[in-house]
Structure formats: C-alpha cells, structure tokens
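One structure is given here, and the rest of the page talks about it.
The values are calculated or read from the model by the stated rules, or taken from the named source; none is laboratory data. Fair warning: this is a prediction, and the values are worked out from it, not measured in the lab. Cβ sites come from the backbone with ideal geometry, for glycine too, and all protein chains shown count toward neighbours. Calculation scope for accessible area: heavy atoms of the full protein, side chains included, ligands and nucleic acids excluded. Shrake-Rupley method; radii C 1.70, N 1.55, O 1.52, S 1.80 Å.
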Amino acid sequence: MEQESRDDCVPTGSYARIYIKDVPLDVASKLCVVSRTCPIVLCGLLQHECKMSVLHFSIKKHDSYDAPIKAKEEFIFHVGFRQFVARPIFSTYNMNSDKHKVERFLHAGRFSIASIYALVSFPPLPLIVLKGAGGSSAPLAAAVGSLRSIDTDGIILKKIILTGPWKLGQSVVAVVELKSLLVHMKWFLRF
C-alpha cells in the first residue's frame with residue numbers, strides 16, 4: 001500500500017507514542033524499570049521473516065578471540081535485532097561458482113561463508129557471533145560479518161576418501177567390497 005493513501009501512517013523519521021492495552025501488571029512494571037535505564041526497541045517482521053531457510057553469512061574471526069573456531073560448534077548468532085543459537089558449517093568463498101569447499105575451522109585473517117538453518121532475514125544485516133564461555137560469565141565475541149544471501153540451492157562440497165579395491169569405469173569409480181569395511185559402512189549408515 002502506498003503511504004500517501006493512508007491516514008493512519010506515521011511519517012518516516014518522526015517520534016511516536018505507542019499505547020499497549022491488556023498488559024499484565026508484572027510485565028508492565030518490568031518494562032517501566034527497564035525503560036529508565038535503556039531504550040525499548042519495537043519492531044515488526046516482513047511477510048516472509050517468520051519462515052525458515054538456509055542463510056549464508058560472510059564471516060571473519062574476531063581479532064581478540066584466540067581459541068580455534070571449529071565447524072558445527074554451538075554459537076550465539078546476533079543478526080540484526082534477532083538472537084539465536086546455531087551450529088554453522090564453514091566453507092570457502094568462491095565468487096565464480098555456487099559450489100563451495102567445506103572447511104573444518106574458521107581461519108583467522110580471511111573471510112569464509114558460514115551456513116546455518118534459521119529464520120529468514122534479508123541482507124544486508126550485521127552479524128556478531130558470540131561464544132558462550134560457560135557458567136555465569138558473559139559470552140565472548142568470536143566472529144563478525146554480515147548476511148550474504150538466502151539460498152537453499154548452494155552446494156557445499158566435502159572430500160571423503162574411501163579405501164578398498166576399486167574399479168574404474170568411463171566416468172565412475174566404484175569401490176568394490178565396501179561392505180567388508182565396517183568403518184565405511186557405519187559412516188554411510190548414519191545418513
């Protein structure tokens with residue numbers, strides 16, 4: 001809808017006073033106490049921001065964080081005004097292709113792609129990745145970056161080496177007697 005045609009719209013950049021009805025007394029008293037020390041932020045969601053998808057972030061390890069950042073480790077993602085816990089998969093950034101090679105660790109000094117399954121957000125949004133220190137201490141800033149894209153069709157490649165006798169075809173290599181190797185069988189059965 002166009003803003004000119006509506007009488008109940010507030011112009012952009014102006015201050016507004018919002019009245020909320022039917023708020024429980026304990027919640028209202030907590031909001032009053034909090035509003036004296038810091039501002040309260042109200043926001044709305046766009047049409048598709050309540051749906052889930054694969055988000056790809058351009059991410060770089062923070063200079064002050066010394067510990068190694070391993071893939072599939074639990075982190076707190078602070079994206080825009082949202083905050084959630086996720087286990088990212090890191091991959092190299094390949095500008096020429098939609099195929100990215102998986103990385104086991106986030107390397108210092110260079111950007112990588114972190115892919116997670118989360119609520120849809122639209123780029124560009126700033127990102128702060130926090131690592132919980134455990135106990136009651138505050139989380140540490142592990143990485144920073146921004147939302148790059150929302151893409152469920154991207155391919156993240158992982159190289160796996162299978163051992164055993166093999167046969168070479170015209171375009172296919174087949175590992176023969178894979179069933180005899182118990183380690184490989186367990187790996188395939190986990191999917």
Handout entry: 19 Å Cα cut-off, lysine pairs counted over segment 46-157 (separation 8 or more, or different chains)
Key = 12
Exercise for the section: Give, to the nearest whole percent, the P(r) tail of segment 1-107 beyond 18 angstrom, counting all Cα pairs. Expected result: 71
Practice task
Quantify, in whole percent, the carbon and sulfur part of the accessible surface of the chain (1.4 Å probe; protein heavy atoms only).
Solution key: 59
Exercise for the section: Express the accessible area of segment 40-145 per residue in Å², computed with a 1.4 Å probe while the remaining protein chains stay in the model. Expected result: 60
Exercise for the section: Taking the chain as the reference, fit the longest principal axis to its C-alpha atoms, fit the long axis of helix 25-37 to the helix C-alpha atoms, and give the angle between the two in degrees, 0 to 90, nearest 10. Expected result: 90
Fill in the blank from the handout: With R₀ set to 35 angstrom, the calculated FRET efficiency between the beta-carbons of Phe84 and Leu168, to the nearest 0.05, is 0.15
Completion exercise
Computed about the Cα centre, the charge dipole of the chain from +1 Lys/Arg and -1 Asp/Glu charges at the Cβ has a magnitude in debye, to the nearest 20, of 980
Fill in the blank from the handout: By the Cα gyration tensor axes a ≥ b ≥ c (a/c under 1.5 gives rounded; else a/b larger than b/c gives prolate, otherwise oblate), the shape of the chain is prolate
Exercise for the section: Take the alpha carbon gyration tensor of segment 46-157, find the square roots of its eigenvalues, order them as a ≥ b ≥ c, and report rounded if a/c is under 1.5; if not, report prolate when a/b exceeds b/c, else oblate. Expected result: oblate
Handout entry: chymotrypsin sites (Phe, Trp or Tyr not before Pro) within segment 47-142: DSSP coil, no more than 13 neighbouring Cβ in 10 Å
Key = Phe81
